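To keep things clear, I will list the structure first and then write my remarks on it.
The values are calculated or read from the model by the stated rules, or taken from the named source; none is laboratory data. Keep in mind that this is a model prediction, so the values were computed, not measured. Here the Cβ is made from the backbone with ideal geometry for all residues, glycine too, and neighbour counts use every protein chain on show. All accessible areas refer to the heavy atoms of the entire protein, side chains included, with ligands and DNA or RNA removed. Shrake-Rupley method; radii C 1.70, N 1.55, O 1.52, S 1.80 Å.
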Amino acid sequence: MDIRFEHLSEIHRKPVIDIFNYYVENSSAAYRGEKVDYQFFDNFISDDGVISSYAVLDNKNDVVGFCTLEFYKNVSTFRTLGDVMYFFKPEATGKGFGKAVLQKLETDAVKKGINKIVVDISDENTGSIEFHTKNGFHEYGRLKDCWEKHGRKLGIVFMEKVLNPPHE
């Protein structure tokens, strides 16, 4: 599998938001209840707490996903804690993109002095929970029935991974 990362830029605005809106409309993976407009893309490239943001391209140079690494809460006292997020086109899941993205974000995190990353996942997104467990994350909490989407009460699973700095 060939995979390439490009720093998010204006040329990625439409494909990134289209991928995000797919999950807004069709799943609980994205928490929003309604589609976002293309201006929402600016949140993924903001200088306010975003450390890394990439478009994920396949061997045909098509954008198949995107990812971000942000400081947790963007508060200076949390500078060693990062928050990761990634979404992929449905047809790109299960093909190794997630593992490659996670490795890329972990490398960026360690370079920035982050020693732990966290994710929060809809409790019905068992595929994502399994993926993160297989990739070294551990559950550290749950909020049950704390939000509603598509007429269902849902919860959130919080997961963390301690990062090991590279050996010199």
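In this structure, is Val36 out of contact with any Lys or Arg (no Cβ under 8 Å at 6 or more places or on another chain), in contact (Cβ under 8 Å) with a residue 12 or more places away in the chain and open to solvent by less than 90 Å² (accessible area, probe 1.4 Å)?
yes
Candidates in region 86-106 are the residues that are open to solvent by 70 Å² or more (accessible area, probe 1.4 Å) and free of Cβ contacts under 8 Å to residues at least 60 places away in the same chain; of these, the one that is farthest from Val63 (Cα to Cα) is Gln103. Taken together, Glu124, Glu148, Glu70 contain a single residue that is under 21 Å from Arg32 (Cβ atoms), in a loop (DSSP other than H, G, I, E, B) and of a type outside the set (Lys, Arg), which is Glu124. Here region 42-56 is the region considered, the condition is being buried (at least 20 other Cβ atoms within 10 Å of the Cβ) and not β-branched (Val, Ile, Thr), and the residue that is farthest from Met159 (Cα to Cα) is Ala55.
Somewhere in region 142-151, is a residue under 17 Å from the mean Cα position of the chain (by Cα) and at pLDDT 95 or above?
No.
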